[in-house]
Amino acid sequence: MSPNRIVRLGALALGLALPIGLLAQSTVTGVSRASNPAISANVLYLADTDLRSRDDADPAGRDDHEPAADVHSHGSDESLGARVQEFELRLTSFVDPHVKADITLSTHGVADAELEEAFVTTLGLPGDLALKAGKFLGAFGKQNPLHTHQFPLVERPLAHDDLFGEEGLNEVGVEVSWLAPVDWFLDVVGGVYNGDNPGLFHSEDEEEVAFLGRFRNLVDLNDETTLEVGGSGLTGRNEESDTRSNVVGADVTLKWSPLETQRYKALTLQAEYLRGDVQGEVREGAVAHAQFRLSRHWWVQGAGDWLTEDDHTTTRVRALVAYVPTEFQTLRLQYGATSPEDADTEHRVSLQYNFTIGSHPAHAY
């Protein structure tokens, strides 16, 4: 084939490609498709059972010594069996070059759909500042910002469940974060929320607000290991008792990931402590968990946590093994033993299956 013929064919191909590229960005209605949001769906299935023998429970499913509501009051659902734990639909897109938007719709079970999060985040503000506004999970500690499918274990920790409720600290508000100009990673966050969390504030007055402060330091100990230390504080008026609800927390995370020498090995050690003063009652608790990646597809995890309220302490230990064939699905088997101070220990086995379709945003480090 002569060089001139090759040039003519190349020009023809280019002439066809340009209109096709333009069509990919617009339709006959003139509506652009170039800015369509990234859409993903995440589904959690959960099956669990109580290992206590039927001889220890009455026909209504209650323990001989304690009502079922008390046994299951912290960190686990009262219903057992197979169910949809959560369905989550997430949309993420850039509004323009300066603002990114995230919307999350979720259902717990197969009904009661709700707007879990809907917020915008600014990009490129001067002074290393970032602004987040809308409805979202507040930046308190390590556990609260996580969606259900991101939980290290199947359930949320006892102290988080007791202080923040089953939905967590999820408020309408504004957060401003500042990346300090230092030699290590230092992030400082300040937040103002509408303060309607039912466990902490009970406020329906739009003028009543809650305030949050958080800092976290991240340093590289070596090429394979990072250490993060953080602290959080939250305060707001409780409308029921006309007192202030105050919660403070501290967290530490150690991560080891030798990607160059042992590609599929990883270890995470994390601990978080909470102390809350709500309506004059002090509640405190902590959780510690370890996660070790054995190979490309297998993880093992363990956790222990406790909660003290009204001089009553509940403790829990959990062990979990996870099979992760790809980043889009996970199968986790967990055993947990919850021990209230004045009741029998509950032994529970849970099997959780999680899958994601679509373009899901990356999780925080």
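Readers should treat all values here as calculations from the given coordinates under stated rules, not as data from a laboratory. All values reported here derive from a predicted model rather than from experimental measurement. Heads up, the Cβs are rebuilt from the backbone with ideal geometry, glycines too, and the neighbour counts pull from every protein chain shown.
Give the calculated FRET efficiency between Ser257 and Arg52 to the nearest 0.05, with a Förster radius of 51 Å applied to their Cβ-Cβ distance. Computed FRET efficiency for Ser257 and Arg52 comes out at 0.80.
Using packing as a proxy for protection, rank 151-157, 172-178 so that the peptide with the highest average count of other Cβ atoms within 10 Å comes first. All intermediate terms of the calculation are to be shown ahead of the outcome.
Working: 151-157: 23.0, 172-178: 17.4.
By packing density, highest mean first, the sequence is 151-157, 172-178.
For the stretch 36-358, the alpha carbon convex hull comes to 155 Å³ per residue, rounded to a whole number.
Here the calculated FRET efficiency for His312 and Asp128, from their Cβ-Cβ distance with R0 = 56 Å, stands at 0.80, rounded to the nearest 0.05. Given R0 = 22 Å, the distance between the Cβ atoms of Leu186 and Thr225 translates into a calculated FRET efficiency of 0.75. Pairs of Lys residues in the stretch 36-358 are counted when their Cα atoms are under 19 angstrom apart and they lie 8 or more places apart or on different chains; the count is 5.
Here the simple spin-label model places points 7 Å from the Cα toward Cβ, and for Tyr335 and Ser241 these points are separated by 3.9 nm.
For the stretch 248-350, what class follows from the C-alpha gyration tensor (a ≥ b ≥ c being the square roots of its eigenvalues): rounded when a/c is under 1.5, otherwise prolate if a/b is larger than b/c, else oblate? It comes out oblate by the Cα gyration axes.
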